[in-house]
1. How big is the gap, in Å, between the Cα center of segment 102-170 and the Cα center of segment 358-408?
2. Would you mind working out the accessible area per residue for the chain, using a 1.4 Å probe, and quoting it in Å²?
3. Report, to the nearest 10°, how far helix 391-405 tilts away from the longest principal axis of the Cα atoms in the chain, using its own Cα long axis and a range of 0 to 90°.
4. Of the DSSP beta bridges with both residues in segment 131-260, give the percent that are antiparallel, rounding to the nearest 5.
5. How would the chain be classified by its alpha-carbon gyration tensor: rounded, prolate or oblate, with rounded meaning a/c under 1.5 and the a/b versus b/c comparison settling the rest?
6. Take every DSSP beta bridge whose two residues both sit in the chain, then give the antiparallel share in percent to the nearest 5.
7. Once neighbouring chains are kept in place and the probe is 1.4 Å, which whole percent of the accessible area of segment 2-50 is contributed by carbon and sulfur?
8. One quarter of the convex hull surface, Cα atoms only: what value does that give for segment 179-254 in nm²?
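The values are calculated or read from the model by the stated rules, or taken from the named source; none is laboratory data. What you are looking at is a predicted structure, and each value in this text was computed from that prediction instead of being measured. Note that we place each Cβ from the backbone using ideal geometry, even for glycine, and neighbour counts take in every protein chain shown. These area figures cover heavy atoms from the full protein model, side chains too; ligands, DNA and RNA do not enter into them. Shrake-Rupley method; radii C 1.70, N 1.55, O 1.52, S 1.80 Å.
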Amino acid sequence: MAQSMKITSVSTTPYEDQKPGTSGLRKPTKVFLTKANYTENFVQSILSVVKPNQDSVLVVGGDGRYYMKDAIQIIAKLSAANKVGKLVIGQSGILSTPAVSCVIRKLSATGGIILTASHNPGGPDADFGIKYNISNGGPAPSQVTDAIFNESISLKNYETCSDLNIDLETLGKQTFIVGDDKRTFTVDIISSVNDYVDLMKTIFDFDSIKRFIKTKDFKLRFDALHGVVGPYARRVLCDELGCPEDYLAHCVPKEDFGGSHPDPNLTYARDLVVEMEKGIYDFGAAFDGDGDRNMLIGKNGFYVSPCDSLAIIGANHDAIPYFRKHGMKGMARSMPTSGAIDYVAKEMNVGFYETPTGWKFFGNLMDDGKLSLCGEESFGTGSDHIREKDGLWAALAWLSILAHLNLTAEEVVKKHWEKYGRNCFTRYDYEQVDSSSANQMIEGLKQLVQDQSLIGTEHSSCGQTYTVSKMDDFEYTDPIDQSVAKNQGIRIIFSDGSRLIYRLSGTGSSGATIRMYVDSYIATGSENLAAPASEVLKPLVEIALKLSKIPQLTGREKPTVIT
Ligand code: VG1
Ligand code: CO
């Protein structure tokens, strides 16, 4: 029998700053590289909360960014020492966030650890992140991340098998004998893509999508922004749907995402927009670093807003075999997401939920059978097939709808507006703002919430007048476990239903990012139904900037990103 690997208990100093944000712990890579035991401390904190035993199975993988493989070796050493029975890891460490969720569910695993900072850039001078997902395949809820944080601030030791090294490249099982009691620790290296692609084949009708692409000579462009979606897009588009290789752009994962920002929006996925504007491709999609976000662009660069995309998938869900089989149990959106889907849910008479920002708030509703389709304005769309948002799923959902309706993306969107009316939406991001001015801005708004002095006041800009009818700090009570999430964003709601929302990002790694959201409904038949959102929303944006004093307080004349 192989010699048993020794477990050592290493003393360490706790950190004060390992509080997971909207989606896991995200910090500059340098913090993980230079602060002693930074990764070990956080992984031990996760394991201390999980309390593993010989039956525990953890799924591990990430988006391929710099430091991921080192982090996986650390996770293996600590998992072995902390009595985890088995780790299931994507080959070369690669698993998209939706693929981790899929594998956790398929294996009924204990949970999973995802190495990603999602849409944040990667590399030694950019960001790294670690996220824990629970047994339903979804992001850990606040109760769990709070417990992990509490461990991290008082941690004194971590347990490790420092001699244990795993081979991340060879598919199949590796076994190790660990500790004095000679426990078996197993590592199983699995295909990064197989389980996920198998799941997609049960959700969509690949044959009919393939036929549509072929008979219409429908040209696609999928841009993975050098993130993890590359291998998944290659398998689905080229191997399954028979598309040529040149439909794929930036589909080889890179440790630094080619030095760019793997965030699928009009600013950071500019390449795709430029390609689509040429009029060669019929439908384009871009995905973020870890594969859970999507941006969709129609022919000639027609932009499909994520809020509209969600509503349109809802309205046309019967184009997708999965929904035909399982039915539409309910729909949900995060609070800042436009109200477009509200009209669809109402018309279809299905349950509707408005949750705080972050995918973790959808999990309970899905587990309880109340929710089939949900999304966020931040390019996240998904269903209860897994418990994460899913970029490639959204693109396949759209291909199914386009094939079913035999229309272009632009026609589909415009017909939707004609039927339901249109929610014009924009988000202004002010990235890396000085934290104290960002806090001052939010505090000012909180004061206005407290004294309710804006209620009934009129605000005019560009010849339009809006009256404030409600102002609050969004609070959510989970309908399943009654847990309460407070301070989830300041809302100013006008008498015509238009909304201004302000919150601070929980995914940045340094300074503060202010997000300001504007949502306004235009009824069917209105002459500016198809006008550019920037024009329609101009007066409300001006009012929003004035009420919040963002330019004065931050010294920023313009946001970093407008979506
Ligand atoms: C942002 C988005 C939010 C999303 C989160 C994680 O959070 O606004 O909608 O769920 O990122 O997405 P915040 O706190 O920065 O606004 V991902 O793809 O980065 O895991
Ligand atoms: Co992401």
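1. 24 Å
2. For the chain, the per-residue accessible area is 38 Å².
3. Taking the Cα atoms of the chain, the angle to 391-405 is about 50 degrees.
4. Percentage antiparallel, nearest 5: 80.
5. It is oblate, given that a/c is not under 1.5 and a/b is not larger than b/c.
6. Numbers: 66 of 96 bridges.
That works out to approximately 70 percent antiparallel.
7. Ligands and nucleic acids excluded, carbon and sulfur reach 54 percent.
8. Numbers: hull surface 28.7 nm².
Its Cα hull, projected and averaged over all orientations, spans 7.2 nm².
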